[in-house]
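Everything below concerns the one structure shown next.
Just so it is clear, none of the values below were taken in a lab; they were calculated from the coordinates. The model shown is predicted, which means the values in this text are computed figures rather than measured ones. Note that we place each Cβ from the backbone using ideal geometry, even for glycine, and neighbour counts take in every protein chain shown.
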Amino acid sequence: MAPPPLLLCFILVLASFSDTCFAIISFSSLQRTLVVTASHPQRLLKAGEDKITVTWGLNQSFPAGTDSAYKTIKVQLCYAPISQVDRAWRKTHDNLSKDKTCQFKIVKTPYTTTNHTSEWTIERDVPTATYFVRAYALDTQDQQVAYGQNTDAKKTTNLFEIQAITGRHVSLDIASVCFSAFSIVALMGFFFAEKRKGGKAQQ
């Protein structure tokens with residue numbers, strides 16, 4: 001039995017509404033309109049210690065009004081391809097709702113037409129890997145409408161490495177050495193005391 005026309009119409013309207021509310025946003029559909037740079041010490045960076053200074057702004061080669069829908073900028077730390085190999089939990093996906101490239105928020109701030117700079121201390125939970133920085137322009141619905149990054153399209157330039165916290169600290173190492181030395185001295189003292197007692201008992 002065919003569904004009543006009114007029910008069929010309702011289903012079609014509902015499906016259309018669902019597609020509108022849950023529109024798929026693909027990375028390939030976004031324009032690269034933002035210029036992003038990342039400054040940091042030119043060495044292996046350490047999580048929980050080193051800082052990254054990120055600057056972003058609209059590429060002035062685009063026509064006026066390009067940024068009319070930009071309301072917020074979200075800057076993120078992203079995995080470079082070399083650190084995504086055989087790691088499905090870091091996989092790049094064109095569907096941004098499934099993309100796992102950028103997992104660490106650096107800053108989220110209202111969009112301004114002038115260049116903006118932010119200094120970020122690398123968080124302690126950032127794992128050892130090779131990274132780059134990406135900024136997304138978001139609209140009033142918090143949806144990505146444009147982007148920029150400090151590397152090329154293939155994500156091979158201006159990359160940097162971060163070393164995770166190993167769980168050991170210099171002060172802990174010093175305490176460990178001191179404790180070991182104390183244990184050896186205490187053991188030797190106990191040994192000589194017992195030996196001395198044994199000598200007196202024989203007398």
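Per-residue extension of 0.36 nm, minus the Cα-Cα distance of Thr109 and Ala69, leaves a gain of 12.9 nm for this segment. Here the gap between Ala153 and Asp125, fully extended at 0.36 nm per residue and compared with their Cα-Cα distance, gives a gain of 7.4 nm.
Applying both filters, DSSP loop and at most 13 other Cβ atoms within 10 Å, to the trypsin sites (Lys or Arg not before Pro) of the stretch 19-80 gives Arg43. Our estimate of slack between Ser39 and Ala164, defined as 0.36 nm per intervening residue step minus the Cα-Cα distance, is 43.1 nm. Across the cross-link table entries Lys46/Lys71; Lys98/Lys155; Lys71/Lys91, which are compared at the Cα atoms, the separations over 26 Å belong to Lys46/Lys71; Lys71/Lys91.
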